[in-house]
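The values are calculated or read from the model by the stated rules, or taken from the named source; none is laboratory data. Owing to the predicted nature of the structure, the values given are computational and were not obtained by experimental measurement. Cβ placement follows ideal geometry from the backbone for every residue including glycine, while neighbour counts extend to all protein chains displayed. Ligands, DNA and RNA are excluded from the accessible area calculation, which covers all protein heavy atoms including side chains. Shrake-Rupley method; radii C 1.70, N 1.55, O 1.52, S 1.80 Å.
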Amino acid sequence: MEAAPGPWRHPVLAALLPLAAATALPLVLWHLPVLHLAPNRLVTGAPIPADAAFGPWLWPLLVLAGLGPGLASADRGRAGAILAVLACVGGLALLLAALGTGAADLLAGHPPAARARLASGAWIAGLGLCAGLARSARSGRLPGAGWLAALAVAALLAGLGHGGTLDGLSLVVEFKARRDGLAQAILAHLALAGGALALAGLVTAGLGPWRRGRGAVDLLVGGLQVVPAIALLGGLVAATSALLTLVPSLRAHGVSALGAGPALVGIAAYLLLPLWRGLQGALRAPDPASLDAARALGLTPRQILTGLRLPLGAPVLIGGVRVAAVQALGLATLAPLVGAGGLGRLVFDGMAQFAPDLILLGALPVIALSLSAESGLSALEAAARRRWPS
């Protein structure tokens with residue numbers, strides 16, 4: 001018997017879905033504010049609707065905002081997917097240009113401290129067009145669809161930003177004021193996340209051969225997950241301070257109770273669970289018959305590990321690394337709480353100053369880095385599954 005069609009394959013729903021997608025973003029742009037005009041960076045300001053902010057840009061934008069997601073949801077083959085990609089890219093470009101131009105017009109005649117901040121309508125419309133772009137790129141089976149969509153968005157932002165079109169937006173004002181510091185924060189964030197991932201990987205690899213203590217390791221790495229991150233970081237600071245009190249000579253070797261050291265150890269502690277489970281799953285990947293055959297051929301345990309267990313278990317192991325990498329990038333945001341650097345410093349500075357755009361300036365790169373790590377390692381995991389199918 002043939003399986004019943006899924007709910008979204010019903011003819012009526014299949015016809016309504018493109019219609020809903022085609023009307024959702026235009027309704028959002030029509031009813032929700034797209035900008036907030038504020039006297040300074042610390043207050044939200046007055047909401048500005050799309051018709052007041054966009055002027056003559058509004059109607060072409062509404063058409064593209066409906067056409068792109070509508071075509072992306074219709075699933076009309078490769079030609080339809082390419083049209084959807086073009087409509088979504090055009091809609092996104094028009095949205096960004098309209099926001100930048102509208103912000104500049106609204107700020108004309110106001111004091112330099114005035115700010116034009118993105119509102120909910122702009123965020124929802126931008127995310128909707130990006131989602132439509134990604135969906136249409138995938139449905140068109142374009143090679144590297146996800147990366148092409150991300151590059152298209154990055155190219156739009158870079159081009160419009162370089163031309164000065166977006167200079168009126170408060171987020172761009174914050175970016176230009178902290179451009180050098182942002183680059184350093186991104187590098188520090190990557191160093192923290194990468195260092196913690198490497199440290200957790202070394203610990204996991206060292207614990208892997210310890211068969212008798214596997215239950216204790218499972219209990220330890222699982223128990224660490226229930227400890228709040230702030231509590232663990234604070235405990236590490238206190239423990240390091242006590243150690244330095246007992247052994248003051250450690251200060252001469254660069255050991256400090258604050259800074260990157262406690263942050264690295266704290267982040268690495270949370271990464272042990274996905275890495276440990278990935279390693280154990282990789283070691284259990286070969287079936288017993290394959291292991292018996294390898295032993296019958298006279299292979300040593302090391303040869304079985306490198307020639308059988310790890311190759312067959314590579315997809316599972318990469319999956320664990322993928323989870324740990326994304327987790328490391330997120331946890332590194334808390335590193336400034338113990339005196340380390342990274343993008344979290346911008347987030348906490350924005351919270352201390354009640355400056356939403358400064359918070360976004362630190363949070364958006366974390367999101368972008370996490371999505372990049374997830375996408376890249378997912379592609380590597382999929383390639384490993386094709387190379388060594390289970």
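Looking at Ile367, Ile318, can you tell me which residue is modelled with pLDDT of 90 or more, under 23 Å from Gly195 (Cβ atoms) and out of contact with any helix residue (DSSP H, G or I) (no Cβ under 6 Å at 6 or more places or on another chain)?
Just one listed residue meets the conditions, Ile367.
Is the stretch 42-65 home to any residue that is under 21 Å from Leu160 (Cα atoms), crowded, with 22+ Cβ neighbours inside 10 Å and not hydrophobic (A, V, I, L, M, F, W, C)?
no
Kindly indicate whether Ala198 is within 15 Å of Leu271 (Cβ to Cβ), among the hydrophobic types (A, V, I, L, M, F, W, C), in a helix (DSSP H, G or I) and open to solvent by 60 Å² or more (accessible area, probe 1.4 Å).
For Ala198, the condition - within 15 Å of Leu271 (Cβ to Cβ), among the hydrophobic types (A, V, I, L, M, F, W, C), in a helix (DSSP H, G or I) and open to solvent by 60 Å² or more (accessible area, probe 1.4 Å) - is not met.
Are any of the residues in the stretch 159-170 out of contact with any Pro (no Cβ under 9 Å at 6 or more places or on another chain), of a type in the set (A, V, I, L, M) and closer than 20 Å to Leu369 by Cβ?
Among the residues of the stretch 159-170, not one is out of contact with any Pro (no Cβ under 9 Å at 6 or more places or on another chain), of a type in the set (A, V, I, L, M) and closer than 20 Å to Leu369 by Cβ, which makes the answer no.
Looking for something at pLDDT 85 or above, open to solvent by 30 Å² or more (accessible area, probe 1.4 Å) and closer than 21 Å to Pro33 by Cα - is there at least one such residue anywhere in the stretch 151-163?
no
Before we move on, is Leu99 of a type outside the set (Ser, Thr, Tyr), touching a strand residue (DSSP E or B) at 6+ places or on another chain (Cβ under 9 Å), in a helix (DSSP H, G or I) and open to solvent by less than 10 Å² (accessible area, probe 1.4 Å)?
Judged against the criteria, Leu99 is a match.
Take the residues in the stretch 18-41 that are assigned to a helix (DSSP H, G or I) and in contact (Cβ under 8 Å) with a residue 60 or more places away in the chain, then tell me which one is surrounded by the fewest Cβ atoms within 10 Å (Cβ to Cβ).
His31
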